[in-house]
Amino acid sequence: MGNDLNQELVVGLDAGGTRTRAVLAAAEDGRVLGESTGGPGNAMTVPVPQLTDHLADALARVVPESARARVVAVTGGFAGATAASEEDPGTSRARKALTEALGRLGIPARRVGVCSDIEAAFAAAPGTPSDGLALVAGTGAVAMRITDRHATTTVDGDGWLLGDEGSGFWIGRSAVRAALRMADGRGRPTVLAGWVGRTLGLPVDVLPKGSIPSYDHGGTALPSGTGVHPTGVPGWSPARREDFRRHLLPAVMADPPIRLARFAPLVADAAAEKDTVAETILSEAADHLLETVRALEPRPGERIVATGGLLGPQGPLTVPLAERLHTDGLSLDWVADGCPGAVALARLAHPS
């Protein structure tokens, strides 16, 4: 890094629910000089002392002690915070933790900015846009209208209990529900039953045997997921299906509800194999995200900056949602995360 540190520096932080990323960059041109990670950074769920420790750890790893006096601006995009109001509880907690972390390390940044991780992600799009729509679809799901780089309207993001429709959690929960409905006779056959059971470590002797064909009334095999009732699945008797349910429910309940999101990739894989139940789940998820975007009353051609694993280059909802948005004259502009946006916002805060 050497001589690169003998200039004014900025730091951008992307503090999410699972980790905090920090990027050190040149204030003049935004050139990235270093990156690091720390612990979870959700300003609403991580206690301030712990959040301070996580931020200090990430900052200490990315800013060498000899260069700390040269940091002129720091901006953090935090889950649970917003740039729209300093009185917001998450924002005040994030600012307190960030200020304390900087003080602990002796980083005298004159300008410290706090915004939401979504506002930072929006700013990460090419050109550092100031106005438009942001859509996040990962473990959770939320859309925001961004005006002058501040969130002014929010749709969903209401958490696993009340919302996050179309999210990884929603998809994962739908997979487990499909498995239960297949077992108790209300749902169609689907490979998801066996896949969910194996993922949870259920005994092999309670799982459906082999692949999951289903049959029409004449006994003709149909594609997975298209049958009417699971009693036509060979080798899965009512007693075996009851055992499946008795094992599956405690296994699911043993983990926090948000862990259901880990089943979302199974749905994507099953849909790739033309399992109709899985295809229906993904289609409904895309419909939910479309409804979320439409609630913001987008104008044709308006920019939608998207982030989150469900909408990335390999995301299972990228194509179906893009097709739905196309009919409204809209398209997605995907970014990997909010770090580049946080760096850009830090540079904008520092007068040249």
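At-a-glance table
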| item | result |
| --- | --- |
| Test: residue in segment 215-227 that is at pLDDT 60 or above, in a loop (DSSP other than H, G, I, E, B) and open to solvent by 10 Å² or more (accessible area, probe 1.4 Å) | no |
| All positions within segment 2-16 that are in a loop (DSSP other than H, G, I, E, B), modelled with pLDDT of 80 or more and not charged (D, E, K, R) | Gln7, Gly16 |
| Meets criteria (assigned to a loop (DSSP other than H, G, I, E, B), hydrophobic (A, V, I, L, M, F, W, C) and in contact (Cβ under 8 Å) with a residue 40 or more places away in the chain) for Leu332 | no |
| Count - residues of segment 99-120 that are part of a helix (DSSP H, G or I), farther than 29 Å from Ala306 by Cβ and touching a strand residue (DSSP E or B) at 6+ places or on another chain (Cβ under 9 Å) | 2 |
| Counted residues, segment 262-310 - those being touching a residue at least 40 places away in the same chain (Cβ under 8 Å) and either hydrophobic (A, V, I, L, M, F, W, C) or on the phi > 0 side of the Ramachandran plot (or both) | 23 |
| Residue pairs meeting the criteria (Cβ under 9 Å; at least 6 apart or on separate chains; first in a helix (DSSP H, G or I), in segment 54-72; second surrounded by 22 or more Cβ atoms within 10 Å (Cβ to Cβ) and hydroxyl-bearing (Ser, Thr, Tyr)) | His54/Thr20; Leu55/Thr20; Asp57/Thr20; Ala58/Thr20 |
| Selected residue (criterion: surrounded by the most Cβ atoms within 10 Å (Cβ to Cβ)) from residues of segment 1-53 that are touching a residue at least 24 places away in the same chain (Cβ under 8 Å) and touching an Asp or Glu at 6+ places or on another chain (Cβ under 6 Å) | Asp14 |
| Qualifying helices (runs of 4 or more DSSP H) (wholly inside segment 157-201; at least 2 residues being open to solvent by less than 10 Å² (accessible area, probe 1.4 Å), among the hydrophobic types (A, V, I, L, M, F, W, C) and out of contact with any Cys (no Cβ under 7 Å at 6 or more places or on another chain)) | 168-184, 191-199 |
| Test: residue in segment 244-253 that is open to solvent by 20 Å² or more (accessible area, probe 1.4 Å), at pLDDT below 95 and either part of a helix (DSSP H, G or I) or more than 15 Å from Arg181 (Cα to Cα) (or both) | no |
| Residue check for Leu192: at pLDDT 70 or above, within 36 Å of the chain's Cα centre (by Cα) and closer than 19 Å to Ala271 by Cα | yes |
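The values are calculated or read from the model by the stated rules, or taken from the named source; none is laboratory data. Not measured: the values here are computed from a predicted model. Using ideal geometry, Cβ is built from the backbone for each residue, glycine included, and neighbour counts are taken over all protein chains shown. All accessible areas refer to the heavy atoms of the entire protein, side chains included, with ligands and DNA or RNA removed. Shrake-Rupley method; radii C 1.70, N 1.55, O 1.52, S 1.80 Å.
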